[in-house]
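The values are calculated or read from the model by the stated rules, or taken from the named source; none is laboratory data. On a predicted model such as this, the values are computed, not experimentally measured, just so you know. Here the Cβ positions follow ideal geometry from the backbone for every residue, glycine too, while neighbour counts run over all protein chains shown.
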Ligand SMILES: Nc1ncnc2c1ncn2[C@@H]1O[C@H](COP(=O)(O)OP(=O)(O)O)[C@@H](O)[C@H]1O
Ligand SMILES: Cc1ncc(C[n+]2csc(CCOP(=O)(O)OP(=O)(O)O)c2C)c(N)n1
Ligand SMILES: [Mg+2]
């Protein structure tokens, strides 16, 4: 017999591990979350649509992880600690195999990022997934897009461009060899949340990399009313990316590819040692890629040579263009 809406919720979504902030979780009209004294609430929502954010016939377990990782990445960008999330799930049918794989990947991410599922909504329709996250940070301590200062260093975490290479794998366009690595980076994105909390009071601005470094850094520059100089040769690339593509193509993917869910942040030069120590503690790669300038624009270089961003056909992901 087909699963009813409430059977489905009970079977797949009520056994998630809960957290210390959850006063009332799944099952009532609202979830109730407790904030720590002196903290403020941070919230953000992201939607994933089949054919836009993930392929038709995806790795469904990976999709469960990725939809939460992408949403929780925005809490990291603010240096906020996760409290809970809601899942709005629109499904064409109640396919038990699909639901079980999806709920398993989602539960793994929920545990990994210490963010409990506290509520949601389940409807029938074209496949679409939305996750709203809630987090907290001490009042006035969050990382914003607007604090970058001329002379600050520009940093990025992790490696960039692998998730873009995964799209080539999904479209069967990639040179053979590193498919598993690229798909792992795409489906199992790992935004550096605890590192981001450690950047409170250290970084001057931050953003998570969803649309691509050039596009997302552009938001910092606009909000902070500054410019930046970025060296393509300093971008952190995985061995897999470097061995699968020319240096130029790998740098292009790192600059414009998107889906990395790493952090880009600025910090004054005096913070270098502290940032390197924090990255070492978190076992996270963290790389200086440029400098904040007063030009009001993003200047990209390859070593000492100027690169014209306008020559690139894609400068970052945008819906409706
Ligand atoms: N439909 C909407 N209504 C209100 N605010 C929105 C809407 N879509 C996006 N925003 C807001 O616009 C800003 C930029 O959105 P977006 O580029 O999606 O951010 P992110 O990359 O962090 O998810 C965010 O503050 C987001 O909350
Ligand atoms: C099948 C597939 N094709 C293309 C992409 C590339 N892509 C789709 S949306 C996107 C940007 C992130 O999505 P968006 O809705 O802008 O998220 P936000 O910036 O709001 O977090 C990227 C890089 C993808 N992830 N999967
Ligand atoms: Mg968004």
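Quick rundown of the values:
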{"quantity": "Those residues of region 276-321 which are out of contact with any helix residue (DSSP H, G or I) (no Cβ under 9 Å at 6 or more places or on another chain) and within 16 Å of ligand 1 (Cβ to nearest atom), in sequence order", "calculated": "319, 320, 321"}
{"quantity": "From the options 80, 88, residue that is over 18 Å from the mean Cα position of the chain (by Cα) and within 16 Å of ligand 1 (Cβ to nearest atom)", "calculated": "88"}
{"quantity": "Matching residues in region 101-124 - criterion: being surrounded by 15 or more Cβ atoms within 10 Å (Cβ to Cβ) and over 22 Å from the mean Cα position of the chain (by Cα)", "calculated": "122"}
{"quantity": "Breaking point among (1) surrounded by fewer than 23 Cβ atoms within 10 Å (Cβ to Cβ); (2) in contact with a strand residue (DSSP E or B) (Cβ under 6 Å, 6 or more places away or on another chain), for residue 85", "calculated": "(1)"}
{"quantity": "All positions within region 303-319 that are within 22 Å of residue 288 (Cβ to Cβ), free of Cβ contacts under 8 Å to residues at least 24 places away in the same chain and in a loop (DSSP other than H, G, I, E, B)", "calculated": "304"}
{"quantity": "Odd one out for residue 212, checked against (1) within 16 Å of ligand 3 (Cβ to nearest atom); (2) in contact with a strand residue (DSSP E or B) (Cβ under 8 Å, 6 or more places away or on another chain)", "calculated": "(2)"}
{"quantity": "Residue selected from region 35-46 under the condition away from ligand 2 (no atom under 16 Å from the Cβ) and surrounded by 12 or more Cβ atoms within 10 Å (Cβ to Cβ), by the criterion nearest to the chain's Cα centre (by Cα)", "calculated": "41"}
{"quantity": "Residue satisfying all of: in region 171-190; touching a helix residue (DSSP H, G or I) at 6+ places or on another chain (Cβ under 6 Å) and not in a loop (DSSP other than H, G, I, E, B); farthest from residue 293 (Cα to Cα) among these", "calculated": "179"}
{"quantity": "Strands (runs of 3 or more DSSP E) enclosed by region 191-270 - at least 1 residues per element that are assigned by TED's automatic domain parsing to the domain that holds residue 305 and surrounded by fewer than 23 Cβ atoms within 10 Å (Cβ to Cβ)", "calculated": "227-231"}
